[in-house]
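Please treat every number below as a calculation from the coordinates, not as lab data. Note that the coordinates shown come from a computational prediction; the quantities given were computed from them, not determined experimentally. As a convention, Cβ positions derive from the backbone with ideal geometry for all residues, glycine included, and neighbour counts pool all protein chains shown.
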Ligand code: TYD
């Protein structure tokens, strides 16, 4: 099964992915779980990740195609082989990130182009996650969390207005993931957030093994 965690920077995705990884490894066995992330979740991609996150691309479409390219390689080398072997894949970010950050948050992209971009993943056969857990947190809370942890790259330092537009971008992205999108109130305590996601995942795994 394929689970994805999504949210704006500072939504707590990485903390939750760490905890879910621990829980899934103890329930299903270490070798049954593949924990991964985008961008850069495949061997050899670390330098490309750093280059892009440090602001190395000037063109919006360059950025869009970079994230799509990164995803195609990630799917081919990591995600698809794991799913074919019957493993559980847990990814920190996937296609909704590109749609929220590069497409739907950008007022310069018209709705027809945005619609086309949002269909591209299906058109090229990218696997559809069984669930996308969207950690919903207000940009104010998220930016306070980010300020505490310090800015690591150019994407982290883009400021409150930017995150408001990405957050709105996620709400628009949601429409293309009907039945897969699970909204989680991530402004709450970390344990409560974890328990909600854990409960959803365990019930989906139980249905699969029936
Ligand atoms: P992430 O690894 O979640 O950040 P961190 O290292 O702080 O945990 O993601 C890095 C940045 O990349 C984040 O600001 C979102 C951005 N991003 C996009 O803009 N589009 C994409 O398609 C993806 C996957 C990430």
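Once the Cα-Cα distance is subtracted from the 0.36 nm per residue extended length, the residue 57 to residue 69 segment shows a gain of 2.9 nm. Per-residue ellipticity at 222 nm computed for the chain from its helices equals -15500 deg cm²/dmol, with DSSP H segments shorter than 4 residues left out and the rest contributing -39,500 (n - 2.57).
Taking a quarter of the surface of the Cα convex hull of the chain gives a mean projected area of 11.4 nm². Annotation: peptides 12-19, 203-210, ranked by per-residue average of other Cβ atoms within 10 Å with the highest first, follow the order 12-19, 203-210.
If the chain linking residue 185 and residue 30 were pulled fully straight, counting 0.36 nm for each residue of separation and taking away their Cα-Cα distance, it would gain 52.9 nm. Full extension of the segment from residue 106 to residue 85, taken as 0.36 nm per residue of separation minus the current Cα-Cα distance, would add 3.8 nm. Largest GNM mean-square fluctuation among 125, 22, 40, using the chain with Cα springs under 10 Å: 125.
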